[in-house]
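Input: a single structure, listed below in structure tokens.
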Amino acid sequence: MVVSTVEKHARKKAPHASRLYRELVPAYEALWPMVAKKRIGRAIGNLGLTGGQQVLEVGVGTGMSLSAYPRDVDVIGVDLSEDMLGQAERQIRDESWSRISVMRMNAEQLDFEDSMFDVVTSFHVISVVSDPRRMMWEMLRVCKPGGRILIVNHFRSPNPWIARMVDSAGAFTRHLGWRTDLDLQEIVSEMPLRVDRRYKTSPASLFTILSASKTAS
Ligand SMILES: C[S@@+](CC[C@H](N)C(=O)[O-])C[C@H]1O[C@@H](n2cnc3c(N)ncnc32)[C@H](O)[C@@H]1O
């Protein structure tokens, strides 16, 4: 069997990611929604999703975002961590969300055919994967031409003072598997993508919301 470099890398990374997120689930569930849930809900609301659309969320985690999707769209959430997915599954069951499902999958090697989804979203994931550009290419590959891409994440500030300040926290956050130095422009350069809107919910926010469309080429 031929095993690609990415697959080998994913296999090597999987135990770390799984262990890390298993340990983090309780703290994550308690604190993270206070920081991020509202921002994600607003970003999903701004997509103006319509009934019957097919949505993929990459790195769905415990499913914090799922309540924000309209009940008449079909949502598949993927994540590498079974522990995070377990929480998401419980929520889907408890809420009887018949059009939402989750499955274990590597963001850097999505097991979907090309151009399957109207919308592909991802929140706070691109800075924890081993190859952010590879993940972005995968999101674009499975998105229909003209389809939408929505990303919420921390990216390196264009302001050198802020960038340096945040970089100094990078040594700590890297232990948690999070990079603080991603340059959004570098990630999306030369990709078939048109940035429709790039914004923050407040000037001091560390998180950027990128709303984009897949172009035809
Ligand atoms: C910071 S959490 C964000 C979770 C969720 N999107 C949220 O905003 O609450 C990062 C998530 O990415 C997942 N993850 C990390 N590497 C991944 C990969 N290569 N493929 C799929 N999911 C991955 C982790 O398991 C974790 O659930």
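The values are calculated or read from the model by the stated rules, or taken from the named source; none is laboratory data. Everything numeric in this text was worked out from a predicted model, so none of it was measured. All Cβ positions, glycine included, derive from the backbone under ideal geometry; neighbour counts span all protein chains shown.
Observations, loosely collected:
- Any hit, region 49-71, residues being closer than 23 Å to ASP111 by Cα, aliphatic (A, V, I, L, M) and part of a helix (DSSP H, G or I): yes
- Restricting region 120-154 to residues that are of a type in the set (S, T, N, Q) and modelled with pLDDT of 95 or more, the residue that is farthest from the ligand (Cβ to nearest atom): THR121
- Number of residues in region 72-87 that are surrounded by fewer than 21 Cβ atoms within 10 Å (Cβ to Cβ) and in a loop (DSSP other than H, G, I, E, B): the value is 2.
- First in region 94-105 and of a type in the set (Asp, Glu), second anywhere and surrounded by fewer than 16 Cβ atoms within 10 Å (Cβ to Cβ) and not in a loop (DSSP other than H, G, I, E, B), Cβ under 8 Å, 6 or more apart: GLU95/SER67
- One residue stands out among those in region 92-114 that are touching a helix residue (DSSP H, G or I) at 6+ places or on another chain (Cβ under 8 Å) and among the polar types (S, T, N, Q): the one that is nearest to the ligand (Cβ to nearest atom), which is ASN106.
- Candidates in region 115-158 are the residues that are aromatic (Phe, Trp, Tyr) and touching a helix residue (DSSP H, G or I) at 6+ places or on another chain (Cβ under 8 Å); of these, the one that is nearest to GLY45 (Cα to Cα) is PHE123.
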